[in-house]
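Undergrad: Before we start, here is the structure in question, set down as structure tokens.
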Amino acid sequence: MKNMQTRSRFLIALLAVFLLAAALSPQAEAKKLNIVTATTDMAALAQEIGGDRVSVESIAKGYQDPHFVEAKPSFLLKLRQADLLITVGLQLEIGWLPPLITQSGNPRIQVGAPGYLDASQFAAILDIPAGPVTRAEGDVHPLGNPHYWLDPDNGRRIAKGIAGKLAEMDPADSSYFQQRFQDFDKRLTAAEQKWDAEMKPYRGRKVVTYHRSFPNFAKHFGLDVIGYVEPRPGIPPTPSHTIELIGLMKRENCKVILVEPYFDLKTPNSIARETQGKVVQYLPSVGGEKDVTDYFKLFDYDIDLLTKAFQATQ
Ligand SMILES: [Zn+2]
């Protein structure tokens, strides 16, 4: 009897070794869907849904301006090996991504192929131009505002869209992805209740932002964006526009200037001096600071900054 027990223990141990070896083998690794995203926010959402069935990597870093990313040869290698490319769309990446997609020579991720996913189709989009757009309107938002991920409702919609795409590409794991989405949805709903409560005392507060990257966040949390340091999206500040903006902020008693981490602080600082206001370097993307490693931490970080700035400029 004792012998039998020892033997079955030995067999179980042996089985465990085989399973471990199988899990570590390149074959098991190759089964993972290889996802490349244009930005870190899409990577964070794809990781929430894909779990351990996917490997995810973003091309742009979270502290970079997603309109202007310097193309590197290493991006081509990543794109060449991708099963799925997730983009923000609405021409956010038009200055750098299209040639990389073409040059990658990877038929799976070409525009229109099953491995090309434009996440803007899932999101509620603001600032859609009513009429024809000319260059005079600015350079970078001709199809509506591409910074739509900064509303948790859009995060949920994008995650759901990604779950659908992953199920299509890997049907055997579709219930796994569905389960991951439901879990994400539940955690996001709980987090939203906390964020809404933290932001509630500041509803209706007026802010200025450097670039027009904040409308979805402002709408969700009831803030009022009254102006921009850029005269038009993608156009650097001019002295005449800055003077106008200072006048507007004084009239409207607006004290908070939100600046994305990739813009020069010279003009925002001079506006703050003139208006007794406060410059806040907020994060538009996951990975803008090294501790901001997922979609939840992005809102935690920005809401903490904003509530402190509103308290300090009562
Ligand atoms: Zn933009």
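Undergrad: For the list (1) within 23 Å of ASP83 (Cα to Cα); (2) within 17 Å of the chain's Cα centre (by Cα); (3) away from the ligand (no atom under 16 Å from the Cβ), I need the number of the one condition that GLY164 fails.
TA: That leaves (2) as the condition not met.
Undergrad: Tally the residues that are in a strand (DSSP E or B) and within 13 Å of the ligand (Cβ to nearest atom), restricting the search to region 223-242.
TA: Residues of region 223-242 in a strand (DSSP E or B): 224-228, 232, 235.
Okay, now just the ones that are also within 13 Å of the ligand (Cβ to nearest atom), so 228, 232, 235.
The number of residues fulfilling the criteria is 3.
Undergrad: Looking at (1) within 13 Å of the ligand (Cβ to nearest atom); (2) open to solvent by 60 Å² or more (accessible area, probe 1.4 Å); (3) touching a Phe, Trp or Tyr at 6+ places or on another chain (Cβ under 9 Å), which is the one condition that is false for ARG187?
TA: Condition not satisfied by ARG187: (1).
Undergrad: When you check ARG212 against the structure, is it buried (at least 20 other Cβ atoms within 10 Å of the Cβ) and either at pLDDT below 95 or touching a Pro at 6+ places or on another chain (Cβ under 6 Å) (or both), yes or no?
TA: Working: buried (at least 20 other Cβ atoms within 10 Å of the Cβ): yes; either at pLDDT below 95 or touching a Pro at 6+ places or on another chain (Cβ under 6 Å) (or both): yes.
Answer is yes for this residue.
Undergrad: So is ALA71 among the hydrophobic types (A, V, I, L, M, F, W, C), open to solvent by 10 Å² or more (accessible area, probe 1.4 Å) and more than 15 Å from the ligand (Cβ to nearest atom) or not?
TA: Working: among the hydrophobic types (A, V, I, L, M, F, W, C): yes; open to solvent by 10 Å² or more (accessible area, probe 1.4 Å): yes; more than 15 Å from the ligand (Cβ to nearest atom): yes.
Yes, satisfied.
Undergrad: Moving to a separate point now. Go over the candidates PRO268, PRO261, PRO284 one by one and state the one that is more than 15 Å from LYS206 (Cβ to Cβ), open to solvent by 10 Å² or more (accessible area, probe 1.4 Å) and out of contact with any Cys (no Cβ under 6 Å at 6 or more places or on another chain). Please lay out each step first, then the result.
TA: Working: PRO268 fails: open to solvent by 10 Å² or more (accessible area, probe 1.4 Å); PRO284 fails: open to solvent by 10 Å² or more (accessible area, probe 1.4 Å).
From the options PRO268, PRO261, PRO284, the qualifying one is PRO261.
Undergrad: What are the residues in region 215-270 that are small (Gly, Ala, Ser) and within 26 Å of LYS194 (Cα to Cα), if any?
TA: So the first thing to find is which residues in region 215-270 are small (Gly, Ala, Ser), and the list is 218, 222, 227, 234, 240, 247, 270.
Residues satisfying the conditions are ALA218, GLY222.
Undergrad: If you don't mind, there's one more thing I want to ask. Quick test for you: out of VAL140, VAL111, pick the one residue that is at pLDDT below 95, in a loop (DSSP other than H, G, I, E, B) and aliphatic (A, V, I, L, M). Don't jump to the end; show me each part of the working.
TA: Values: VAL111 fails: at pLDDT below 95.
Going through VAL140, VAL111 in turn, just one is at pLDDT below 95, in a loop (DSSP other than H, G, I, E, B) and aliphatic (A, V, I, L, M): VAL140.
Undergrad: Any idea how many residues of region 56-66 are surrounded by 22 or more Cβ atoms within 10 Å (Cβ to Cβ) and either within 16 Å of the ligand (Cβ to nearest atom) or more than 17 Å from the chain's Cα centre (by Cα) (or both)?
TA: At the first step, the residues of region 56-66 found to be surrounded by 22 or more Cβ atoms within 10 Å (Cβ to Cβ) are 56, 58-60, 62, 66.
After this cut, where a residue has to be either within 16 Å of the ligand (Cβ to nearest atom) or more than 17 Å from the chain's Cα centre (by Cα) (or both) as well, the list is 60, 62, 66.
So the count comes out to 3.
Undergrad: Let me ask you something else. Which members of region 242-258 meet the condition of being at positive phi and either of a type in the set (D, E, K, R) or surrounded by 15 or more Cβ atoms within 10 Å (Cβ to Cβ) (or both)?
TA: Kept after step one, since they are at positive phi, are these residues of region 242-258: 253.
The answer is none; no residue qualifies.
Undergrad: Follow-up question, since we're still on this one. Taking ILE257 as the residue in question, decide whether it is over 30 Å from THR40 (Cα atoms) and either of a type in the set (A, V, I, L, M, F, W, C) or modelled with pLDDT under 95 (or both). Can you show your working first?
TA: Working: over 30 Å from THR40 (Cα atoms): no; either of a type in the set (A, V, I, L, M, F, W, C) or modelled with pLDDT under 95 (or both): yes.
So ILE257 does not fit the description; no.
Undergrad: Would you pick out the residues in region 147-172 that are surrounded by fewer than 22 Cβ atoms within 10 Å (Cβ to Cβ) and aliphatic (A, V, I, L, M)?
TA: Those that are surrounded by fewer than 22 Cβ atoms within 10 Å (Cβ to Cβ) and aliphatic (A, V, I, L, M): ALA167, MET169, ALA172.
Undergrad: Could you please tell me which pairs satisfy a Cβ distance under 6 Å, a separation of 6+ or placement on different chains, a first residue in region 79-96 that is closer than 13 Å to ALA60 by Cα, and a second residue that is among the charged types (D, E, K, R)?
TA: As it stands, the answer is THR87/GLU93; THR87/ASP118, since those pairs meet every condition given.
Undergrad: Please list, ordered by first then second residue, the pairs with beta carbon atoms under 7 Å, 6 or more apart or interchain, first in region 105-122 and free of Cβ contacts under 8 Å to residues at least 60 places away in the same chain, second among the small types (Gly, Ala, Ser) and surrounded by fewer than 17 Cβ atoms within 10 Å (Cβ to Cβ).
TA: PRO107/ALA113
Undergrad: I'm told GLU192 meets every condition in (1) within 21 Å of LEU85 (Cα to Cα); (2) away from the ligand (no atom under 16 Å from the Cβ); (3) touching a Pro at 6+ places or on another chain (Cβ under 7 Å) except one. Can you identify the failing condition by its number?
TA: (1)
Undergrad: Which of the residues belonging to region 90-108 are open to solvent by 50 Å² or more (accessible area, probe 1.4 Å) and part of a loop (DSSP other than H, G, I, E, B)?
TA: GLN91, ILE94, GLY95, GLY105
The values are calculated or read from the model by the stated rules, or taken from the named source; none is laboratory data. Just so it is clear, the model here is predicted, and its values are computed rather than measured. No Cβ is skipped: glycine too gets one built from the backbone with ideal geometry, and neighbour counts run over all protein chains shown. Heads up: the accessible areas ignore ligands, DNA and RNA and are worked out on the full protein's heavy atoms, side chains in. Shrake-Rupley method; radii C 1.70, N 1.55, O 1.52, S 1.80 Å.
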